[in-house]
Amino acid sequence: MDIQLSEQEIMRRNSLEQLRRMGINPYPADLYPVDAYSDEIRTHFEDAAPQRQVVIAGRIMSRRIMGKASFIELQDSRGRIQVYVSRDDINTEEQPEMYNTVFKKLLDIGDFIGIEGFVFRTQTGEISVHAQRLRLLSKSLRPLPIVKYKDGVAYDRFDDPELRYRQRYVDLVVNDGVKQIFEKRAKVFSSLRAYFASFGYTEVETPTLQSIPGGASARPFTTHFNALNIDMYMRIATELYLKRLIVGGFEGVFEIGKNFRNEGMDRTHNPEFTCMEIYVSYKDYEWMMTFTENLLQKICLDVNGTTEVKVGDNVISFKAPFRRVTMLESIKEFTGKDLTDKGEDEIRQICQELHLEVDETMGKGKLIDEIFGEFCEGNYIQPTFITDYPIEMSPLCKRHRHNPELTERFELMVNGKELCNAYSELNDPIDQYDRFVEQMKLADKGDDEAMLIDHDFVRALEYGMPPTSGMGMGMDRLVMLMTGQSTIQEVLLFPQMKPEVKPQKDGVEKYTAIGVPEEWVEPLQKLGYDKVVKLQGLNPNKLFQDLCGYNKKNKLGLQNPSKESIASWTEQAS
RNA sequence: GAAUCGCUAGCUCAGCUGGUAGAGCAACAGACUCUUAAUCUGUGGGUCCAGGGUUCGAUCCCCUGGCGGUUCACCA
């Protein structure tokens, strides 16, 4: 337990004790028979209908007390409902102080209570529950931030992002709309699973802990496996494992899971994030484009009830079909440069003409990627498939059927960002091996994101993989789009934060060890000497003044220590 | 990683190029039987992020550090 409690926390702990003394268990064990919810009570209410009895439960979010009657707002999992509590209704023979003492004095905002009563409409027109019995279900010992709403405007918002993310539970309780984001997130996932299930594809799980991190260009997290005494990596993609399963004979497999990338952290990146990857045999990337646009249209409809969604100032339409543009067309459109049949040196030249910063470690693929990223990507607000990437950028992708310099690949751009990435998967094991070797050369050149050779994956391909199309989608980004959020932190329940650091204080025994009487430890700590070391070399006269002053100001009534004993503390502290 | 802004009561924020702090909500005491940001009266609550410097004196000025926001760069 924390040593330092705020005044309000002490009050609540005192109330807890008093409840126990009154024979009220603040944390009862038995089931509470809830049979109604805030939202449905309102929608089902009819003024003419016979009175409805309900049992509801939730958190007290506000109280308006007027003598013998009160209104509280009770928040359950679906929203809030007003409850009318009057003294003569809830007092009982066993508990005649239920209203005046228990309800008015010992209960607080944040406590969970259960209400039995009937639904009615107040004089001011609000559908409410008239309490006939009230029961404490769980006492809250820490005051919640109080956010008040009127006409949709929030007053005293709890909006410091650090506090909100670190204490998401508080954010969810007090801030309107936060829970809805995560309910929508769940709906995105269930809609996606339902779509895949309708095709008969299988959801699988593959290793998160890998000895060769493959399937993407990214820096991995390293960890250590004691039993084998080897370093291992957190996965950066699921691709290579899922394709092994296509080799094994699945018609279609998909995985929704966390990837981990040891890179930056900002409003669109979290070190762990959720990706969906799907692989379907006997398909190509053309089929996958249609499959993907139908998927997104369905998700948007299921989640928002429409194919349009507002993100920032943009309205994005997920109505299929989406526009399709090849990568070289796109670059030509936005830069005027035609890269068709250009070599690495020519492209590096073009990069310089476009004032792009490039260096010698960049291969042709990466150079083209730079141009696209700088001049094109951000322009695609409406969903647009960018197709036919240069072969150097796509080591796991099949060569284009009409042009061996290109690959059968698409990325889906939405709101200026990549949302999906898909291929006609490379299934030529010899080609695949050679491309891994190319990646190794890039790694030797200094590209620390280049892939390592996964020999087992090549072996799997040697047994034969049917023609396959695969697609990966950033689920967090998808949820951002579907909920209109502009930061990834808003769609992750617990985004990565720097560890919370608590200042460490010395214990009482460290003070008594240098001769400080126990009753003076707290005043010393309050004055800022929370570590014995801080007393070292201090002017005893100043400390004497401070302590006597503190004693007087706070009316502690302690006998002031002598200057001599204070001098001995400061000496012994060293 | 860079620039910039911020850190003051449980929460949201004031605080005059310097004299150890204020408001609203929350809390506490009281009034009030249909209120709804309830209202009215009264009270308490603070290592002003941390450390150092300048000064008789620092929440305020300077330096260093911590944490966070925003913008930018890199990665999905």
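The values are calculated or read from the model by the stated rules, or taken from the named source; none is laboratory data. Here the structure is a predicted model, which means the values were calculated and not measured. Virtual Cβ from ideal backbone geometry, glycine too; neighbours counted across all protein chains shown.
Being among the aliphatic types (A, V, I, L, M) and surrounded by fewer than 20 Cβ atoms within 10 Å (Cβ to Cβ) is the filter here; which residues of the stretch A:262-292 pass it? Of everything in the stretch A:262-292, just one residue is among the aliphatic types (A, V, I, L, M) and surrounded by fewer than 20 Cβ atoms within 10 Å (Cβ to Cβ), namely A:265. Out of the stretch A:410-440, which residues are among the charged types (D, E, K, R) and away from RNA strand B (no atom under 13 Å from the Cβ)? Residues satisfying the conditions are A:425, A:428, A:431, A:434, A:435, A:438. Do you know which of the residues in the stretch A:4-38 that are of a type outside the set (A, V, I, L, M, F, W, C) and closer than 24 Å to residue A:121 by Cα is nearest to RNA strand B (Cβ to nearest atom)? If we take residues in the stretch A:4-38 being of a type outside the set (A, V, I, L, M, F, W, C) and closer than 24 Å to residue A:121 by Cα, then A:38 is nearest to RNA strand B (Cβ to nearest atom).
Can you confirm whether residue A:192 is of a type in the set (A, V, I, L, M) and in a helix (DSSP H, G or I)?
Answer is yes for this residue.
Which of the residues that make up the stretch A:39-51 are within 15 Å of RNA strand B (Cβ to nearest atom) and surrounded by 13 or more Cβ atoms within 10 Å (Cβ to Cβ)? Selection gives A:41, A:42, A:45. Sub-7 Å Cβ pairs linking a first residue in the stretch A:364-375 that is closer than 7 Å to residue A:331 by Cβ and at pLDDT 85 or above to a second residue that is more than 10 Å from RNA strand B (Cβ to nearest atom) and small (Gly, Ala, Ser), at least 6 apart or interchain, are A:372/A:330, ordered by first then second residue.
Exactly one residue out of A:62, A:128 is within 14 Å of RNA strand B (Cβ to nearest atom), crowded, with 19+ Cβ neighbours inside 10 Å and in contact (Cβ under 8 Å) with a residue 24 or more places away in the chain, and it is A:128. Identify all residues within the stretch A:390-414 that are in a loop (DSSP other than H, G, I, E, B), at pLDDT 90 or above and buried (at least 21 other Cβ atoms within 10 Å of the Cβ); write none if there are none. Of everything in the stretch A:390-414, those that are in a loop (DSSP other than H, G, I, E, B), at pLDDT 90 or above and buried (at least 21 other Cβ atoms within 10 Å of the Cβ) turn out to be A:398, A:408. Reported count of residues in the stretch A:145-173, each being within 9 Å of RNA strand B (Cβ to nearest atom), in contact (Cβ under 8 Å) with a residue 40 or more places away in the chain and more than 17 Å from residue A:485 (Cβ to Cβ), is 4.
If residue A:100 meets every condition in (1) within 11 Å of RNA strand B (Cβ to nearest atom); (2) without any contact (Cβ under 8 Å) to a residue 60 or more places away in the chain; (3) closer than 23 Å to residue A:149 by Cα apart from one, which number is that one? Evaluating residue A:100 over (1) within 11 Å of RNA strand B (Cβ to nearest atom); (2) without any contact (Cβ under 8 Å) to a residue 60 or more places away in the chain; (3) closer than 23 Å to residue A:149 by Cα leaves (3) as the failure.
Among the residues of the stretch A:262-276 satisfying the criterion of being in a loop (DSSP other than H, G, I, E, B) and either more than 7 Å from RNA strand B (Cβ to nearest atom) or modelled with pLDDT of 90 or more (or both), which is nearest to residue A:468 (Cα to Cα)?
Quick first cut of the stretch A:262-276, residues in a loop (DSSP other than H, G, I, E, B) only: A:262-265, A:267-268, A:270-271.
Checking which are either more than 7 Å from RNA strand B (Cβ to nearest atom) or modelled with pLDDT of 90 or more (or both) leaves us with A:262, A:265.
Working: A:262: 30, A:265: 34 Å.
Across the stretch A:262-276, the extreme among qualifying residues is A:262.
Looking across the stretch A:218-261 at every residue that is surrounded by 14 or more Cβ atoms within 10 Å (Cβ to Cβ) and aromatic (Phe, Trp, Tyr), the one that is farthest from RNA strand B (Cβ to nearest atom) is identified as A:250.
Checked against (1) more than 30 Å from residue A:306 (Cβ to Cβ); (2) surrounded by 13 or more Cβ atoms within 10 Å (Cβ to Cβ); (3) in contact with a Ser or Thr (Cβ under 9 Å, 6 or more places away or on another chain), residue A:179 passes all but a single condition, namely (1).
Here the strands (runs of 3 or more DSSP E) wholly within the stretch A:277-341 that include at least 2 residues being farther than 14 Å from residue A:410 by Cα are A:308-311, A:314-317.
Pull up the stretch A:70-94, narrow it to residues that are touching a Ser or Thr at 6+ places or on another chain (Cβ under 6 Å) and away from RNA strand B (no atom under 11 Å from the Cβ), then point me to the one that is farthest from residue A:40 (Cα to Cα). So, considering only residues that are touching a Ser or Thr at 6+ places or on another chain (Cβ under 6 Å) and away from RNA strand B (no atom under 11 Å from the Cβ), the one farthest from residue A:40 (Cα to Cα) is A:76.
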